[in-house]
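Worksheet: the structure to be examined is printed underneath.
The values are calculated or read from the model by the stated rules, or taken from the named source; none is laboratory data. Note that the structure is a prediction, hence the values are computed from the model and not measured. When we count neighbours, we look across all protein chains shown, and the Cβ atoms used for this are built from the backbone with ideal geometry, even at glycine. Side chains are part of the model used for accessible areas, which takes the heavy atoms of the whole protein and leaves out ligands, DNA and RNA. Shrake-Rupley method; radii C 1.70, N 1.55, O 1.52, S 1.80 Å.
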Number of protein chains: 2
Amino acid sequence: MDQKEIGIILKERRKSLKITQLDLADIAGVSVRSLRDIEKGKTNPELETLLNLCKVLGLEISIKVIK
Amino acid sequence: MDQKEIGIILKERRKSLKITQLDLADIAGVSVRSLRDIEKGKTNPELETLLNLCKVLGLEISIKVIK
DNA sequence: CCATAACCAGCAATATATTGCCGCTTTGCT
DNA sequence: AGCAAAGCGGCAATATATTGCTGGTTATGG
């Protein structure tokens, strides 16, 4: 799980919901400029930014012990 | 899932592994100052910082669609 | 083909996480 | 109780994510 992978997950999820970057960014309270960098895996987003996007996209982040 | 919750998870995991903040921070390549804020939920960590800590702690972060 | 929407990326400015330093407090052990 | 280890948190400096702006490129519908 790294930046690039997360970017892909977010982008694919957004597309499957058929919403634009502009709309997602707007609803999530994130700038479209940041969203683009995140989807491209070109930045190291803050947790809150990621959580805001996930919330809108119906995605959940979980942390658990590796078995 | 928010900052506070993540801080608690990290701290409990670290304690269960019986390592100090200093050691964890050192191994993970994160400053102990940041680790403290993160465990306290007082900061909004960057994804990479979180991933570095999780790696050392044997924790994995996953993102999936909410059913 | 044309027009429009959607996406992309460089740049400078701003906001904020991260860091190192320091002294203090709490915890745990003998 | 006394000591040492571990944790805590303010502060200023630094690094870097985020933002708004701008102009360009690519996809898409009529």
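Kindly establish whether B:Val65 is over 11 Å from the mean Cα position of the chain (by Cα), of a type in the set (A, V, I, L, M) and closer than 18 Å to A:Ser62 by Cβ.
In short, yes.
Pairs only if they're at least six apart or on different chains, beta carbon under 8 angstrom, first in the stretch A:1-29 and free of Cβ contacts under 8 Å to residues at least 24 places away in the same chain, second in a loop (DSSP other than H, G, I, E, B) and exposed (fewer than 14 other Cβ atoms within 10 Å of the Cβ); list them, first residue then second.
A:Ala25/A:Ser31
Go through the stretch A:8-28 and report how many residues are surrounded by 15 or more Cβ atoms within 10 Å (Cβ to Cβ) and more than 10 Å from DNA strand C (Cβ to nearest atom).
Looking only at that region, the number is 5.
What number of residues in the stretch A:34-64 are within 7 Å of chain B (Cβ to nearest Cβ), near DNA strand D (Cβ under 8 Å from one of its atoms) and either outside any helix (DSSP H, G or I) or among the basic types (Lys, Arg) (or both)?
3
Do you know which residues across the stretch B:15-33 are over 25 Å from A:Thr49 (Cβ atoms) and either assigned to a loop (DSSP other than H, G, I, E, B) or within 14 Å of chain A (Cβ to nearest Cβ) (or both)?
Within the stretch B:15-33, the subset over 25 Å from A:Thr49 (Cβ atoms) is B:15-23, B:26-27.
Once the filter is applied, which keeps residues that are over 25 Å from A:Thr49 (Cβ atoms) and either assigned to a loop (DSSP other than H, G, I, E, B) or within 14 Å of chain A (Cβ to nearest Cβ) (or both), the stretch B:15-33 yields B:Lys15, B:Ser16, B:Leu17, B:Lys18, B:Ile19, B:Thr20.
For the stretch A:29-67, how many residues meet the condition of being within 22 Å of B:Arg14 (Cβ to Cβ), of a type outside the set (A, V, I, L, M) and open to solvent by less than 40 Å² (accessible area, probe 1.4 Å)?
Residues meeting the conditions: 1.
So, in the stretch B:1-28, exactly how many residues are more than 10 Å from DNA strand D (Cβ to nearest atom) and farther than 13 Å from A:Leu47 by Cβ?
8
Is it fair to say A:Ser31 is of a type in the set (Gly, Ala, Ser) and away from DNA strand D (no atom under 12 Å from the Cβ)?
no
Just to be sure I understand the filter: pairs with C-beta atoms under 9 Å, separated by 6 or more residues or on different chains, first member in the stretch B:31-55 and more than 6 Å from DNA strand C (Cβ to nearest atom), second member among the acidic types (Asp, Glu) and outside any helix (DSSP H, G or I). Which pairs pass?
If the second residue must be among the acidic types (Asp, Glu) and outside any helix (DSSP H, G or I), the pairs left are B:Gly41/B:Asp2; B:Leu47/A:Asp2; B:Leu47/A:Glu46; B:Glu48/A:Asp2; B:Leu51/A:Asp2; B:Cys54/B:Glu60.
Which number in (1) more than 11 Å from chain B (Cβ to nearest Cβ); (2) under 10 Å from the mean Cα position of the chain (by Cα); (3) open to solvent by 70 Å² or more (accessible area, probe 1.4 Å) marks the one condition that A:Lys4 misses?
For A:Lys4, the exception is condition (2).
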